[in-house]
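We did not get these values from a lab; they are worked out from the coordinates using the rules stated. The structure presented is a predicted model; accordingly, all values stated were derived computationally and were not measured. Cβ atoms come from the backbone with ideal geometry, glycine included; neighbour counts cover every protein chain shown.
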Amino acid sequence: MVKELLKGNIAIAEAAVRAGLQAYFGYPITPQTELLEYLSKRMPELGRTFVQAESELGAINMVYGAACTGVRVMSSSSSPGISLMMEGLSYIAGTELPVVLIDVMRGGPGLGNIAPSQQDYNQIVHGGGHGDYYPIVLAPANIQEAIDLTVLAFDLAEKYRSIVIVLLDGSLGQMMEPAELPPMQPLRESYPEWATRGAIGRERRIHTSIYLNPVEQEKTNLRILQRWQEVKKNEVRYKSYFLEDAEYVVIGFGTAGRVALSAVRAARAEGNKVGLLRPVTLAPFPAQQIEALAGSSKGILVVEMNSGQMLDDVMACVKGRTPVHFYGRPGGIVPLPDEVLVEIHRMTEKSGRLNGHPRDQWLERMVQHI
Amino acid sequence: MVTDTEITVYHRPATLTDLGTHYCPGCTHGIAHRLVAEVIDEMGLRETTIGVASVGCSVFAYNYFDFDFVQAPHGRAPAMATGIKRVLSDRIVFTYQGDGDLASIGMGEIVAAAGRGENITVIFINNANYGMTGGQMAPTTLPGMKTTSSPNGRDVESQGYPIRTAELLATQEGAGYIVRRSLHDPKNIRLAKKAIRLAFETQVRGLGFSLVELLSSCPTNWGMDPVDALRWIEQNMIPYFPINDFKVHPVIASLRI
Ligand SMILES: Cc1ncc(C[n+]2csc(CCOP(=O)(O)OP(=O)(O)O)c2C)c(N)n1
Ligand code: SF4
């Protein structure tokens, strides 16, 4: 295989096709729409299922129905559309079905804008739909990674009968980069023992998320949690850069992590011992790695394209053992490497504890933008 | 003439499980279930049918049918059925939905499915109220009808008019078979069964979206005994929701079964 110049949304769509995607259901929304448009041509061409649904409610429930039959199924959307899908995601989680969802985040809340943001972190990583459930969340920072993680998403979804969400911001969906697509996988021919495909020569099967008896519901909740423990044990993924001798650590995911890497490189060039941890799985979160860094570093800077959502998770790992700083650009703004470099300087020059919460301190510095 | 061999002429359909239902005494949900099972048996569809239960008193419909079944979020059964049918186009997929589920929270999904000509069958139970949650006003509640959320009777000025679902969906090009029947007496039950049969025949032949609206009783929430409830359907519901064929594909119209 050779590298091609690929747009993020198209690359993800084709990666899913090559991973054996059998059915796609979606609804147009910027900055994700090319993904749907591409599949509207590609899927029928291959004799596979494509439906433009009446809404994201429709789309996620079509996904739910198709998932019951054991096929590889996917939808994609962006923040406001993802909000509409939350009901369906909760049901899918409660029914323990494998589903892949791509969220190409934009600015918000509300209708917001179509510029790149990371505003959906909490909604995606910490639920969003009702109930105790735990989607696997993968956060690519470049188009090659978006391709690779999309393929991985299908395998993980099936391995754990889980929802897997590939979470990226609109800039990754829209930009072009050279990347290599995976080989075409054959479509599945055998189906899991739970698939409802018609009771041919066997007893009936049922898929439901209702357990009126709380004892049965609790059992299901515990089973789902037990499965999540397995995921946490096996599937934590992250990228580290210059961490071996780092005195200070920057943590960021997706595009924010990528921008932070440029800043970290610049800081290194100045002789500052700074490293970067970029979580690739936001769920399961690389908590142990961050805990270890908290013990070994003089300060941690969290960089996000929101008002500090992952920040809370980082702080929960750090447990006050080292000062945590925050820098964010919410609303659809991608921070520049120079901005992050300024924040790195602030961190390295300022020794000791911080006064107050890192988000509050950041907000004080941000008043110039209000 | 009396013979010494007895022949069973009325038995439980093979695809209706032995389980007693949880429906209230006199509720016609049970009759609708039986009719669906009889039709599935007669058409030999047990192994190829996948049902989609909705949210309402029939949420546990899957317990009573002996074939594959899934359970949808409130109102979303037509979307879920679409997902199944599109990946398994040779299977028979039907939803079983109440009027709150289909004509209120799920109006978007049902109209879109009909518009797409989705080749699925819908069994639509119109009992003029939200049964499961204790008898609140539904989109089908009659003008002046008292429910727990229209205690003074449905006031059309502030609470709007009942929605005639079958008529509305019959305007869709994608619909192949749309009729309304009633479950209030044996004759109408036989007609309802025939309609359910034709709805499934529509799907088997790939003629588009099919729906049978069934006027159904809810004696518990109507505060009536079962017989009065059946009479109430005849006297009050049928005048507003006429029994009729609203759209019948010519192939189905010429079918002799
Ligand atoms: C999203 C959501 N909203 C509300 C409910 C509560 N709820 C359960 S059943 C029901 C009404 C069902 O009425 P209908 O569809 O008429 O069926 P019936 O019970 O009369 O057979 C409602 C509102 C729910 N389960 N989910
Ligand atoms: S509440 Fe009404 S619809 Fe529900 S089972 Fe009882 S009688 Fe039937």
Backbone HN-Hα couplings from phi across the range A:188-201 [Karplus 6.51/-1.76/1.60, Hz, Gly and Pro as x]: 5, 10, 10, 10, x, 5, 9, 5, 8, 10, x, 7, 7, x
What does the helix-only formula give at 222 nm for the protein assembly as shown: each DSSP H stretch with n ≥ 4 adding -39500 (n - 2.57), the total divided by the residues, and the result rounded to the nearest 500 deg cm²/dmol? -11500 deg cm²/dmol
Can you give me the long-range amide H partners of B:Ser150? Hydrogens built in the peptide plane at 1.01 Å from N, cutoff under 5 Å, separation of 5 or more residues or another chain. B:Met137
If we sort B:170-176, A:54-60 on the protection proxy, mean other Cβ atoms within 10 Å, highest first, what's the order? A:54-60, B:170-176
Surrounding net charge for B:Asp68, when Lys and Arg each add one and Asp and Glu each subtract one, Cβ distance under 15 Å: +2
Taking each residue of B:108-116 in turn, how many C-beta atoms of other protein chains fall within 10 Å of its C-beta, and what is the average? 3
Report, in debye and to the nearest 20, how large the dipole of the range A:4-234 comes out about its Cα centre when Lys and Arg carry +1 and Asp and Glu carry -1 on their Cβ. 620 debye
In whole Hz and in residue order, list the ³J(HN,Hα) couplings for the range B:35-49 that follow from phi through the Karplus curve 6.51 cos²θ - 1.76 cosθ + 1.60, θ = phi - 60°; x for Gly and Pro. 4, 4, 4, 4, 5, 4, 4, 4, 8, x, 9, 3, 7, 10, 9
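Give me the inter-chain shielding for A:50-57: mean count of other chain Cβ atoms within 10 Å, whole number please.
On the way: counts 1, 6, 1, 6, 10, 4, 0, 9.
Mean inter-chain Cβ contacts per residue within 10 Å come to 5.
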Counting only residues 5 or more places away or on other chains, whose amide H sits under 5 Å from the amide H of A:Leu301 once H atoms are built in the peptide plane? A:Val249, A:Val250, A:Ile251, A:His325
Going residue by residue through the range B:192-208, the Karplus relation 6.51 cos²θ - 1.76 cosθ + 1.60 with θ = phi - 60° gives ³J(HN,Hα) values, rounded to whole Hz and with x marking Gly or Pro, of 5, 4, 4, 5, 4, 4, 5, 5, 5, 4, 4, 5, 4, 8, x, 9, x
How long are the three semi-axes of the equivalent ellipsoid for the range B:29-253, computed from the Cα gyration tensor as the root of 5 times each eigenvalue, in whole Å, largest first? 27, 18, 17
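How high is the relative contact order of chain A? Use alpha-carbon pairs under 8 Å, at least six apart in sequence, and give a whole percent. Mind dumping the intermediate values first?
Values: 781 pairs, mean separation 63.2, N = 370.
Reported as a whole number, the value is 17 percent.
Using the Cα centre as the reference, give the magnitude of the dipole from point charges on the C-beta atoms of the protein assembly as shown (Lys, Arg: +1; Asp, Glu: -1; all else neutral), rounded to the nearest 20 debye. Spell out each step's value before the answer.
Details: 58 positive and 65 negative charges, 70 e Å.
For this selection, approximately 340 debye.
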Hey, what did chain B get for relative contact order, percent, Cα under 8 Å, at least 6 apart? 18 percent
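If you take each beta carbon of peptide B:46-53 and count the beta carbons of other chains within 10 angstrom, what is the mean? Walk me through the numbers on the way to the answer.
Details: counts 4, 6, 4, 3, 10, 3, 5, 4.
Per residue, the number of nearby Cβ atoms from other chains is 5 on average.
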State to the nearest 20 debye the size of the charge dipole of the range B:29-253 about its Cα centre, where the only charges are +1 on K and R beta carbons and -1 on D and E beta carbons. 240 debye
Please list the non-local residues whose amide H lies under 5 Å from the amide H of A:Ala283, H modeled 1.01 Å from N, same-chain partners needing a gap of 5 or more. A:Val137
In what order do B:Val204, A:Val367 fall by count of nearby beta-carbon atoms within 10 Å, going from fewest to most? A:Val367, B:Val204
Just going by the charge dipole of chain A, with Lys and Arg at +1 and Asp and Glu at -1 on Cβ, which of A:Ala23, A:Val215, A:Pro182 is farthest out on the positive end? A:Val215
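Taking a cut-off of 34 Å, what percent of all Cα-Cα pairs in the range A:4-234 are separated by more than that?
Working: 2873 of 26565 pairs.
Roughly 11 percent, rounded to a whole number.
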Taking the Cα atoms of the protein assembly as shown, report the difference between the largest and smallest coordinate on each principal axis, in whole Å and largest first. 108, 58, 44
Which order do the peptides A:254-260, B:215-221, A:46-52 come out in when sorted by mean C-beta neighbours inside 10 angstrom, highest first? A:254-260, B:215-221, A:46-52
List the pairs from A:Lys298/A:Lys350; A:Lys239/A:Lys298; A:Lys232/A:Lys273; A:Lys159/B:Lys85; A:Lys41/B:Lys85; A:Lys273/A:Lys298 whose alpha-carbon separation is above 22 Å, in the order I gave them. A:Lys232/A:Lys273; A:Lys159/B:Lys85
